[in-house]
Protein chains: 2
Amino acid sequence: METNDRKEIVENIRYLLDVRDEPKLKNIIIDTHPADLADIIQDLDDDEKIFLFSLIKPEIASDVVLELDEVTRELIVTSVETERLSAIVDEMDSDDATDVVSELPEQRAKEVLALVDTQDRAEVQKLLLHDEESAGGIMALEIVTVYDDETVDDAIQQIREKADEIEDIYYIYAIDRGGRLVGIVSLQQIILSKAKTLIREIMDLDVISVTVEKDQEEVANLVRKYDLVAVPVVDAYNRLVGRITIDDIVDVLQEEATEDMQRMAGISEEEVLQETSTFRIARFRLPWLIIAFIGEIGGISVLNHFKASIQQIISISFFIPVIMAMAGNAGIQSSTIVVRSIALSEGGTSRIWERFFREIKVAFLNSFVLSSMIFIVVWVMFQQPDFGLAIAVAMMLVILIAATVGATAPFLLNKINIDPAIATGPFITTCNDVLGLFIYLISVTTYINWIK
Amino acid sequence: METNDRKEIVENIRYLLDVRDEPKLKNIIIDTHPADLADIIQDLDDDEKIFLFSLIKPEIASDVVLELDEVTRELIVTSVETERLSAIVDEMDSDDATDVVSELPEQRAKEVLALVDTQDRAEVQKLLLHDEESAGGIMALEIVTVYDDETVDDAIQQIREKADEIEDIYYIYAIDRGGRLVGIVSLQQIILSKAKTLIREIMDLDVISVTVEKDQEEVANLVRKYDLVAVPVVDAYNRLVGRITIDDIVDVLQEEATEDMQRMAGISEEEVLQETSTFRIARFRLPWLIIAFIGEIGGISVLNHFKASIQQIISISFFIPVIMAMAGNAGIQSSTIVVRSIALSEGGTSRIWERFFREIKVAFLNSFVLSSMIFIVVWVMFQQPDFGLAIAVAMMLVILIAATVGATAPFLLNKINIDPAIATGPFITTCNDVLGLFIYLISVTTYINWIK
């Protein structure tokens, strides 16, 4: 649905909501894709959202809920009566049902689960035990399995039985009589094989699977690397327990990219893009600003310490912004490239030092160019080539150190299991600022002492 | 393959390469997934890369080439003789073949194409006409189609015919006798339907398709929104021309996220993560540094202009870093959130103003907190509450303006079709720096004039 169409539809729906024309609204709901319905709902006011959602049947509502942004979903889920919410959850795949239930307050979650189908409840309870960010946390239990000593006909029978429950079957998983994953068969192979063929004869033995504990980001990188549309999940004994489909992987990749960008900018990962409360947004962002603030107060002390130099040559203070900005930019360039390399696990295994030296060499080249430029600027503006030289040397040092910190910090953070994306954010930037100021002032003070 | 395993395999391969044990190397190649082979090759030295690749048969080499990073691929493709390269290209799907050929120098591309199979050549030549970043530029021509008045049996016949050529069939596209896309049938439905059933009776009429000109980022957002594994591509007359599979969409999403992060950090999008040439990296990054440099020279002039004020109260210069850093951080927080919202087309249609006001309100809250803090710091450090008040007011103004610029710039850039991610990069940051300095110095000068 194009943006303009949506605007028109939203206006139309607003009118129909105003006049409470339920039949027409229900017709629109039936004709609209759940993902589009979710978009439309997000464009409405809170009470309109709740009313329109109340008109959607559980089997469609279950799809709509999953497409809503976090903030709208919270509003809707809170407003829906428990019985209806159970009916909606009942319609979902086990992984989605678990996501929705896990977001509920404990008491409400219990009440909702009490009303859903026994088997579904058991599945959700099982999935709730896994870490949210692990393979187990994002897998669904809906899978089609067949024993490797069964036939293609048996497999088709399995597909028939699961067809209502699972909409998107691409592969059938072959297990041995111990439940261990031994092979994988595509639907394409099923169609092209004779009914009596043994699964064992047509299955692909090179199955790429993940264990339940595997981190979702690693799972995503695996799926990306091997171009999979679904990946089976196994337990420690290689017993098949679920599968993760590509749509969930796409969400993980987007989530991780957003998270990295937010960390780069000093925004807590808790802040979601659709957050509407000013106070909550401010609260999520303030900690990083305060960290930077405290760091920069250190900068005031550094400057205060070198007060005598600044008093002697006032123009020393004029170069603070350009020195800080150059160091900041060069440092962020280095750290961003390193952070992204780590996130996409690019660049090989033993390449860390290579990457590191490359960054230093780049910083060396660019700092040389920039230092030459500042030398000329100072010469022209202040007619003092020797002062220009002092500033140029200081700038070169500061850029080199910022790039070194920028290239090193992500590796170190990664080593101690902290998200390396932090390295491009306010914390490291502030350290660079204060360190840079210190080096700059030491350099120019040395110059002052030397000309005396 | 885990990182540690890979290290071991790479060492083993290095040894085998040293002793030129081709049979053993060929055995390893056969036993290893092409994506893993690509990883291994990337870990080797240039001449080892070329030699190991030369041992891989075209049908596997075609998969390996596609998994290599850009830098290694260029090296390999350049080193391979034309005839072998043609054989490798011949094994690829039309979209991948087109990607590889489009990266070749014009003369070489002609030579390679001259040697590939006639039909493949025609396909590649057709695909080369599309914009690289459009749906036509990333689609493959390998699709299974069936007329809507044919039967399930006919569809299975089609699958059988295409099975060699297409490994990953998930959907069959139903067209009318004019070639227009009218429906879609999943393999699951094919399996569960009787042989004589008409396609028309089982096909899903709600097909989500894209036109050849559609921008790849929009295609990716569509696939993400509707949870598709493949999307059919049609021409202006709704005639089916190709399909885009999810693995290519995943690549687009990663590319766009990397690009956005690079723009945020002031790195040209031409710089790829695996780039090895120091000079090339430096050249890609220098332009942004120079833009920032020139901007900050403006900062020197601003400070020079207010020389008298600084001379009068030297400690004015001490607050330059903290003022700049706070404005910078608050501005980047705002612009990052807005940039990401635009990239993921979140936040609805008419929500731009809402988002804007929200950012201003957040900036207001946080600048108030930070200004109060700086007020206390100045009071304690310098025993001058009135000076503290002047600094606090200045900081508040500077943060508010930086957040306004940060929240506005992405929308404006998006409006004039420039990637909004630029807004978080050095250009806007530098503007904010200089503007912030100016406002700060105006504020404190007003204070000085007032106490006199």
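Looking only at residues in segment B:272-281 that are over 21 Å from the mean Cα position of the chain (by Cα) and either closer than 15 Å to A:Met373 by Cβ or part of a helix (DSSP H, G or I) (or both), which one is farthest from the other protein chains (Cβ to nearest Cβ)? Reasoning before the result, please.
Looking only at segment B:272-281, we keep the residues that are over 21 Å from the mean Cα position of the chain (by Cα), and these are B:277-279.
Adding the requirement that they be either closer than 15 Å to A:Met373 by Cβ or part of a helix (DSSP H, G or I) (or both) leaves B:278-279.
On the way: B:Thr278: 4, B:Phe279: 7 Å.
Out of the qualifying residues, it is B:Phe279.
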message = Which count do you get for residues in segment A:240-253 that are more than 7 Å from every other protein chain (Cβ to nearest Cβ) and in a helix (DSSP H, G or I)?
response = 4
request  = Mind telling me which of the residues A:Ala140, A:Ala155, A:Ala195 ends up being of a type in the set (A, V, I, L, M), under 30 Å from A:Glu103 (Cα atoms) and out of contact with any Cys (no Cβ under 9 Å at 6 or more places or on another chain)?
outcome  = A:Ala140
task = Find the helices (runs of 4 or more DSSP H) located wholly in segment B:18-98 whose residues include 1 or more that are without any contact (Cβ under 8 Å) to a residue 24 or more places away in the chain, and list them.
result = B:22-31, B:46-54, B:70-79
query = Only one of these conditions is not met by A:Glu296: (1) open to solvent by less than 10 Å² (accessible area, probe 1.4 Å); (2) outside any loop (DSSP other than H, G, I, E, B); (3) more than 7 Å from chain B (Cβ to nearest Cβ); (4) out of contact with any Gly (no Cβ under 9 Å at 6 or more places or on another chain). Which number is it?
reply = (3)
inquiry  = Scan segment B:382-390 and tell me whether some residue there is in contact (Cβ under 8 Å) with a residue 24 or more places away in the chain, over 30 Å from B:Arg224 (Cα atoms) and surrounded by 20 or more Cβ atoms within 10 Å (Cβ to Cβ).
reply    = yes
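Which of the residues that make up segment B:283-293 are open to solvent by 20 Å² or more (accessible area, probe 1.4 Å) and either in contact with a Cys (Cβ under 9 Å, 6 or more places away or on another chain) or without any contact (Cβ under 8 Å) to a residue 40 or more places away in the chain (or both)?
Start the filter on segment B:283-293 by keeping residues that are open to solvent by 20 Å² or more (accessible area, probe 1.4 Å), which leaves B:283-284, B:286-288, B:290-291.
Within segment B:283-293, B:Arg283, B:Phe284, B:Leu286, B:Pro287, B:Ile290 qualify.
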ask   = Quick one: A:Ile314 ticks every box in (1) open to solvent by less than 10 Å² (accessible area, probe 1.4 Å); (2) in contact with a Lys or Arg (Cβ under 8 Å, 6 or more places away or on another chain) bar one, so which box is it?
value = (1)
task = Only one of these is at pLDDT 90 or above, in contact with a Pro (Cβ under 9 Å, 6 or more places away or on another chain), part of a helix (DSSP H, G or I) and not aliphatic (A, V, I, L, M): B:Phe364, B:Phe375, B:Phe318. Name it.
result = B:Phe375
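For segment A:350-361, name all the residues that are assigned to a helix (DSSP H, G or I) and more than 7 Å from every other protein chain (Cβ to nearest Cβ).
Restricting attention to segment A:350-361, the residues satisfying the condition of being assigned to a helix (DSSP H, G or I) are A:352-361.
A:Ile352, A:Trp353, A:Glu354, A:Arg355, A:Phe356, A:Phe357, A:Glu359, A:Ile360 - these are the residues of segment A:350-361 that are assigned to a helix (DSSP H, G or I) and more than 7 Å from every other protein chain (Cβ to nearest Cβ).
Kindly provide the set of residues from segment B:378-390 that are facing chain A (nearest Cβ under 10 Å) and within 11 Å of B:Phe319 (Cα to Cα), ordered by number. I'd like the intermediate steps shown before the answer.
Here is the first cut: in segment B:378-390, the residues facing chain A (nearest Cβ under 10 Å) are B:378, B:381-382.
Residue satisfying the conditions is B:Val378 alone.
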ask   = How many residues, within segment B:261-271, are at the interface with chain A (Cβ under 7 Å from one of its Cβ atoms) and either assigned to a helix (DSSP H, G or I) or on the phi > 0 side of the Ramachandran plot (or both)?
value = 4
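I'd like the full set of residues that are within 9 Å of chain A (Cβ to nearest Cβ) and either in contact (Cβ under 8 Å) with a residue 24 or more places away in the chain or under 18 Å from B:Trp450 (Cα atoms) (or both), limited to segment B:368-377. Can you show your working first?
Initially, segment B:368-377 is screened for residues within 9 Å of chain A (Cβ to nearest Cβ), giving B:369-370, B:373-374, B:377.
Of everything in segment B:368-377, those that are within 9 Å of chain A (Cβ to nearest Cβ) and either in contact (Cβ under 8 Å) with a residue 24 or more places away in the chain or under 18 Å from B:Trp450 (Cα atoms) (or both) turn out to be B:Leu370, B:Ile374.
I'm trying to understand the selection: among the residues of segment B:8-22, which are open to solvent by 90 Å² or more (accessible area, probe 1.4 Å) and not hydroxyl-bearing (Ser, Thr, Tyr)?
Here is the first cut: in segment B:8-22, the residues open to solvent by 90 Å² or more (accessible area, probe 1.4 Å) are B:8, B:11, B:15, B:18, B:20.
Listed by number, the residues that qualify are B:Glu8, B:Glu11, B:Asp18, B:Arg20.
The values are calculated or read from the model by the stated rules, or taken from the named source; none is laboratory data. Because the structure is a prediction, the values reported are computed rather than measured. Glycine also receives a Cβ, built like all others from the backbone with ideal geometry; neighbour counts cover every protein chain displayed. Areas reflect the complete protein model, heavy atoms only, side chains present, ligands, DNA and RNA absent. Shrake-Rupley method; radii C 1.70, N 1.55, O 1.52, S 1.80 Å.
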